[in-house]
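A.B. asks: Let me give you the structure first, and then I'll get to my questions.
Read-outs: derived from the displayed coordinates by stated rules, not from any lab. What you are looking at is a predicted structure, and each value in this text was computed from that prediction instead of being measured. Note that each Cβ is placed from the backbone with ideal geometry, even for glycine, and that neighbours are counted across all protein chains shown.
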Amino acid sequence: MKADFLCLSEWTAPQLDAIFTLTGNLKQQQKAGIPHPLLAGKTLGMIFEKSSTRTRVSFEVGMYQLGGHALFLSSGNTQIGRGEPIKDTARVLSRYVDGIMIRTYSQSAAAELASYADVPVINALTDSYHPCQIMADLFTVLEHKGSYADQVYCWIGDGNNMANSWINAAAVFGFELRVATPAGYEPDPWVIERARQRGAKLLLTNDPLEAARGADVLNTDVWASMGQEEEQAQREKDFVGFQLNNAVLAVADKQCLVLHCLPAHRGEEISDEVIEGPHSVVFDEAENRLHVQKAILVTLMGDKEQACC
């Protein structure tokens, strides 16, 4: 039976830990120049309804390093952009490729694609969730802290797909998460309720300093995500005081890490001195998208046991 990677809440902590272990092995091999063609002869179809730098490059390079091939499928250049039903696209692509990655707006579109596809489907971002990014974030914490489990995490900014995914991660892995958003910009209530039912340790607040006090990991994202450009001016007013800056770092743990999924609007959600400062692991985090996604691809499309040898 095929597996999909649509949302962290659909996976268990042991399953995701196995992906982290595989990530470490694949990263070591890549750094040592050791070939690891675990997906030789396999092809990934990549559907992009939202453009991206890191997502496209990391998945394409990842498939190349794994010995496979990636196909870039822009919605503007495929039939899906002309109104072909997702279920038809799913069934056709399943006869051509070994896996499908989608970066789109609606989580329901990704779920429909997965339900009709006979091959694994990976959510590379929707308006609801960004599971590959959270896995890269947590792997980065694991590298720098030795463990992700005993850390206190702080999210400052919009209650967007990243905030939702951090809440999912808190429920799956059991760590403490504090989320600070302006009033009216809280994460999805259904995501919060589901996480609390699973025992997640959550603090929801409108005070960034309350969320950051003593935290081990601080992270944020742009105030206006893709598709929200018309809201930029209003959000700039509403998000005053929600910048990740030195004042916030001053109340966090002295050895805290700073994350940002990029691209960053320096001077808005994060200050230049913080993203360039000694606590920032933002570019390690960006690199780890490559290694984590390779592990996800092998887990879904290949024989992950070979990578552990």
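A.B. asks: Would you please give the residues with an amide H less than 5 Å from that of Leu204, counting only those at least 5 places away or on a separate chain, with H modeled from the backbone geometry?
C.D. replies: Val179
A.B. asks: Choose one answer from Val172, Val92, Val191: the residue with the largest mean-square fluctuation in a GNM of the chain with alpha-carbon springs under 10 Å.
C.D. replies: Val92
A.B. asks: Here's something else I'd like to know. Would you mind checking the radius of gyration and Dmax of the stretch 46-165 based on alpha-carbon positions, in Å?
C.D. replies: Cα only, the stretch 46-165: 15.9, 48 Å (Rg, Dmax).
A.B. asks: Sorting check: for 43-49, 126-132, which peptide has the highest mean count of neighbouring beta carbons within 10 Å, and how do the rest follow?
C.D. replies: Going by the mean number of other Cβ atoms within 10 Å, highest first, we get 126-132, 43-49.
A.B. asks: Could you give me the ³J(HN,Hα) list for the stretch 22-38, computed from phi with Karplus coefficients 6.51, -1.76, 1.60 and θ = phi - 60°, whole Hz, x at Gly and Pro?
C.D. replies: The phi angles translate into 5, 4, x, 5, 5, 5, 4, 5, 5, 5, 8, x, 8, x, 9, x, 6 Hz.
A.B. asks: Out of Arg289, Arg103, Arg91, any idea which swings most in a Gaussian network model of the chain, alpha carbons joined below 10 Å?
C.D. replies: Arg91
A.B. asks: Work out how far the C-alpha atoms of the chain reach from end to end along every principal axis, then list the three figures in whole Å, largest first.
C.D. replies: 53, 45, 37
A.B. asks: Shape call for the stretch 140-221 from the C-alpha gyration tensor, a ≥ b ≥ c root eigenvalues: rounded (a/c under 1.5), prolate (a/b greater than b/c) or oblate?
C.D. replies: oblate
A.B. asks: Quick one: order Leu93, Leu142 by neighbouring beta-carbon count within 10 Å, fewest to most.
C.D. replies: Arranged by neighbour count, lowest to highest, Leu93, Leu142 become Leu142, Leu93.
A.B. asks: Tell me the Kirkwood radius of the stretch 133-286: reciprocal of the mean inverse pair distance over distinct alpha-carbon atoms, in Å.
C.D. replies: 15.2
A.B. asks: Put +1 on the Cβ of every Lys and Arg and -1 on every Asp and Glu Cβ in the chain; which of Trp155, Leu39, His279 then has its Cα farthest towards the positive end of the dipole?
C.D. replies: Of the candidates, Leu39 comes out farthest on the positive side.
A.B. asks: Distance cut-off 27 Å, Cα to Cα: go down the list Lys87/Lys201; Lys2/Lys42; Lys2/Lys201; Lys42/Lys87; Lys27/Lys201; Lys2/Lys87 and report the pairs above it.
C.D. replies: Lys87/Lys201; Lys2/Lys201; Lys27/Lys201
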